[in-house]
């Protein structure tokens, strides 16, 4: 790697003094990175290195560190000279040592963690805590000042960067993308985010593709492309790539400084053109391609094998340093190659030259408020729900599409946030399909490409974001909320699984950040899962999967909340609640198809506040004795079937005492020791009884209910119906029949479990079986539901 | 859209007769597509269209159909004129009507489904069954002849196409990519698959990017790029794009025929150069960009709004046809515009002109054997396990890295398949990290980019595939096994969630295809999840998630199998089993870190055959009475902790009768009525007792065990320990302590639940609590595990 840097034609902006200072900062950061991986004592090398100075377990990754340190150094210069507010998203895995080094040098680390002082003792603590039990992770993480991005799972850095930049017009979001990460699908899709970024209302994203050649044990695809091919690719993504290549520090410093200056000039000119001159063409934003050796400045060879510039420098280049005197010596030589005595004074404080590039105050990368979004967060202006509630004069006497009712509420929020622009709705091209199109009366769909006369609702500054990538929706929204704003992700239920792994990481981020006192609460990440499993009439099996709820409920209980509102007003109440909440991942499952209205707004509020409750109006129980059976339900379709079953029982077995229970907040079923929303055993027993049969009609996989309630009294009497993977293309009622969730089957379940019906049991059971047979014959012939089901209404 | 087609400079290869024939085939397919969406009777329009001819529910999507039909027609021509074996992957959603039309026309549909005859009655059946209960889905699906690809969830078409092409040197895989799908991350990453395709040993992939301008309700990103930018992008991906643009049928037919011929010429020349002349440079493969209007040839306007060429043609362009006489009339005019009387004779059979482009026999797209991979599948040559088994002279007397032992077996399979090339191992750059590097002694890592002197094991024809994209690994392997080969996907446990949604679709594919008698069984899709939750010493929280097993166990029990082998020999036995199996998704969770050897090969085989069993050698129970407590375990780390707990109990409470049970096959815990591997209640009771305390140490989320076993006797006595989201960067033993899965905690659990220990209980409990406290202090100070744990060995 001896090519000269390829930024040319611009005057050299670095004087010798500045160059030396930048190099000093970089060397200091490299020194601190190596120290974190290896040392537990003797941090300044004030005495010769001995085995006991070395950590007992060598964990960490050197390969990516020098490149990240270089970027940190030069972003410092850029911020200090330009004064631009900058957030950096550090994509590469195991980038911890570098970003921690930068933060410690600039002082933001000590401000965040006062016990890690900016002196010899603090340096030792910084070294020791790294990848140490109870310490800090190897990846950039919530613990890292200045970060909104967990570097452990790769693929999401660029989407996070764009999410952070939306509606932050004065912010520059730098984003370092490793060449390993660049192979992932989500990252590959993220490049096209520039088609959704408005140069007027949004900030700028500066991607820095760091090609150090290797991922873990293999060369990286993009690093080995012929340069013209990579150039085509990046231009095809819509960027203007600026190349910086080299392995000679001074030359690379010069080239990178020039590249960053060039990029900033270009960004300022784009923003000026759009903001002042009204330019409307999608700009070609600049980006930097930085090619430097993996493990640069580390050992060239170890045990006779090449290390610097190869995959061998990925992790810990010198192993077994405690036991191998030669390696110990090589480590000492490596550390001393940075000349620590020039970088730190005798007390361990960085000398002024090292710090001369560092910006001040909240402009420092580790202190920028955007990375601790809670400090910027404002309450969402939520209107009174009364404006949007549906009138319920008779239960089940009217139908509404719940998500359409919600759409009106979201539109009002969108409108109320028009001046402040801190609310967005994202979705994979399904916002209208999910009946949220009232939003288009107050905003448009973000779109910077050319438009045609037949297009509708596209807008350069729209705050609805539609792209056919659940990964982008998720990544954008994460970046948006983590930098202090609010939002909602509406998604087909089955395809929320596409982002299973991303939501894992976001939940982990929140779990960790909630335990860090300096991290202020951010808005919750809210999912609206609709177009759900029971109503995939034309999509069929591929679109039927209710398991996202199961996935989320495996994660940290302090973070996750799951709601299944059974009608329009309960959906409004739940939505109002989650939009006000902080630091959660909220999952709402609600249908978009016409659904009976069961509760008035006041009733809905009370019911949602309880999270689960008996519906006396649907029950036939007597006040002074326990019911014979509890019919429980969660979800809109199961609620309808349970109510229909209750009605059948009222008609055909009027002597039965039936209690109907509806569950909105799934975590209520968990023991109160396991989830903050969990009921006490006494509460549970009061609602479900200790020993009566409970027939539970649930929206998703039935065993989820058992997994939540297995510790409860009477669990042996709990009988759950739900989706059991009998998916297909068929009518709504046929779906519930195939999965044994239909009203007739539920009545049979009651008959089978409640004693005392005598001979009536046989007759009733047969009647129910007959209508199910009739259904099967009818559907085979007509392809539509039985009239008595299609036209059914509740008679209270 | 009036641009002229942009393929120029080549002689027009279509004579007027051929042009007319191609257009007739296309019109016939379009007619059949519209018929499927709308008609349930009068399929040939032999009488005027009346409301009762229309289906009661109009489901289906017209928008994508004409483009897919056009491709089908022209692939027919290409196959017939060139004789090339061709498989087509149809990416766009809701492509069912088109592909079904093509198959019905060529006769392969009737051969597959004899009741859908190629005549009037069969046409009516074809129409009626579409999106009808008990019929066929709207998406391309397992039911569709000639398909290996479910079109419902978007993103995977191109990865499937490459998977199908690997090691099929004579196959051409055409792949239609919708512009909606092209926005997804997995698809965006898939373009780079050409860096892994060997022109000598692999077939060719011909991507056909179909830009019809819109996804569901929005313009598509790629469709709106300025053409030079799209061209840059596709060249940057390494392709030579051939543009076909138009809305005038004859011109488009000419251009597309020419484009396909040009592409085939180029492919043949690339293959010749590589295979005959030894060319070693990565070729620039051709691809086609096809721009035609969405809903082309459909209604131009409906109710005064433009439809053809806009997003309004996405679904059913004319709604409420039964009730709206004007729409009924427009539908009839639309259908008659294809001139069905010229295309079908009075009995409903396609006229010879329509069929003249159709290839014959197994060359037809709906009859190609590659799409029914089971017919091509050969048994894997699996060597005797004795060659690889580890010797166990004393239980726990030695340690091995189980996945390294497996690596030797896999290498032998790789070697044995060298001449036939029908086995591949895929992974996201983790094959060596996962200790499977013995593979590199017999094959290399597939790589077509340039190589450097420091690279290792890269090979143009290697059958290990490493790319930092779980999506690509999964998509490639799916395409590979569905076309009749074998493979294994090794993955970090936590990041298998990245492909949750993909594995959903593959499981659904298998569930459906198992019920289709004409689909022959294919090799199972095998996961090796390693680098698991308990051993993420340097990665920490972001890499800790054992929930993929939970995800998979929600799906169809006839397809899914989950194995947790506790040592090297059991891993060998499980691997041997899954590599021989068919039509499953097998998940193996096994560690890569040194693990005690517990079972000899023969014992391992017997244990795996049972799936779960008591380990008498670790138990202290008496032959003639039930044990006081059952210590159960599943997974390598929990097994070690259970055995250590058993040893502590033997020492400190020798009077206790303890049974140790190990579970390898998780589905054994399910009732036998719910999973084919499930135990009967009698079997379960024999193993776990009906009423004794069971302390179960499980690898993953503890509630999974409850979800599997909640119907069993004695479920109230089942106490499960497992991972409860207490993840962090720490030592191996500290991880189990934090999650209460450690030996000391397990002993305390026994003490708390087994009566009769008297005063000893208090002492023993305190002793265990003391050592846990000592651990906490030790780890805070030293960062490594207590010596008594680090150096522990089993004393039998």
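Readers should treat all values here as calculations from the given coordinates under stated rules, not as data from a laboratory. What you see is a predicted model, and the numbers here were worked out from it, not measured in a lab. Note that each Cβ is placed from the backbone with ideal geometry, even for glycine, and that neighbours are counted across all protein chains shown.
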Requested in this report: Express the Stokes-Einstein translational diffusion coefficient of segment A:385-595 in µm² s⁻¹, to the nearest whole number, given a Kirkwood radius over alpha-carbon pairs, 25 °C and a viscosity of 0.890 mPa s.
Outcome: 140
Query raised in the report: At what distance in nm do the modelled label points of residue B:300 and residue B:111 sit from each other, each positioned 7 Å from its Cα along Cα→Cβ?
Result: 4.2
Report task. Would you work out the relative contact order for segment A:498-614, in percent, from Cα pairs under 8 angstrom that are 6 or more residues apart? Result -> 33
Query raised in the report: Once the Cβ-Cβ distance between residue A:80 and residue B:441 is put in as r, and R0 is 60 Å, what FRET efficiency do you end up with, to the nearest 0.05?
Result: 0.65
Query raised in the report: So what is the relative contact order for chain B, in percent, with contacts set as C-alpha pairs under 8 Å and at least six apart?
Result: 11
**Report entry** Separation of the residue A:461 and residue A:342 label points, Cα + 7 Å toward Cβ, nm
**Finding:** 5.2
Query raised in the report: Rg to Rh for the protein assembly as shown: what is it, with Cα atoms only and Rh by Kirkwood?
Result: 0.95
Query - Translational diffusion of segment A:16-363, µm² s⁻¹ [Kirkwood Rh, Cα pairs; Stokes-Einstein; 20 °C; 1.002 mPa s] - result: 106
Report summary line: Per its Cα gyration tensor (rounded if a/c is under 1.5, else prolate when a/b beats b/c, else oblate), segment A:694-796 is best filed as oblate
Query raised in the report: Computed FRET efficiency, Cβ-Cβ of residue B:770 and residue A:657, R0 60 Å: what is it to the nearest 0.05?
Result: 0.65
Query raised in the report: Cα gyration tensor of segment A:611-790, axes a ≥ b ≥ c as square roots of the eigenvalues: rounded (a/c below 1.5), prolate (a/b > b/c) or oblate?
Result: oblate
**Report entry** Cα Rg over Rh - segment B:202-263, Kirkwood
**Finding:** 0.99
Query raised in the report: Among B:729, A:512, A:86, A:686, which comes first, then next, by fewest other beta-carbon atoms within 10 Å?
Result: A:686, A:512, A:86, B:729
Query raised in the report: How far apart are the residue B:626 label points across copies, placing each 7 Å from Cα toward Cβ, in nm, shortest first?
Result: 2.6
Query - Cα gyration tensor, segment B:531-617 - rounded (a/c under 1.5), prolate or oblate - result: oblate
Query raised in the report: Which distance in Å, rounded to a whole number, links the C-alpha centroids of segment B:316-359 and segment B:39-118?
Result: 12
Requested in this report: Return the calculated 222 nm mean residue ellipticity for chain B, to the nearest 500 deg cm²/dmol, obtained by summing -39500 (n - 2.57) across DSSP H runs with n ≥ 4 and dividing by the residue count.
Outcome: -11000 deg cm²/dmol
Query raised in the report: When each copy gets a label point 7 Å from Cα toward the beta-carbon at residue B:441, what are the spacings between them in nm, shortest first?
Result: 7.3
Report task. Could you please state, rounded to a whole Å, how far the C-alpha centre of segment B:462-541 is from the C-alpha centre of segment B:631-685? Result -> 28
Requested in this report: For segment B:161-235 and segment A:694-766, compute the distance between their C-alpha centroids and round to whole Å.
Outcome: 46
Query raised in the report: Hey, for residue B:281 with labels 7 Å out along Cα-Cβ, what do the inter-copy distances come to in nm, ordered shortest first?
Result: 3.4
**Report entry** Using a Förster distance of 22 Å, the FRET efficiency for residue B:375-residue B:420 (Cβ separation, nearest 0.05)
**Finding:** 0.90
Query raised in the report: So, in nm, how far is label residue A:777 from label residue B:760 when the simple model puts each one 7 Å beyond its Cα toward the Cβ?
Result: 7.0
Report task. Provide, as a two-decimal number, the C-alpha radius of gyration of chain A over 2.2 N^0.38 Å, N being how many residues it has. Result -> 1.09
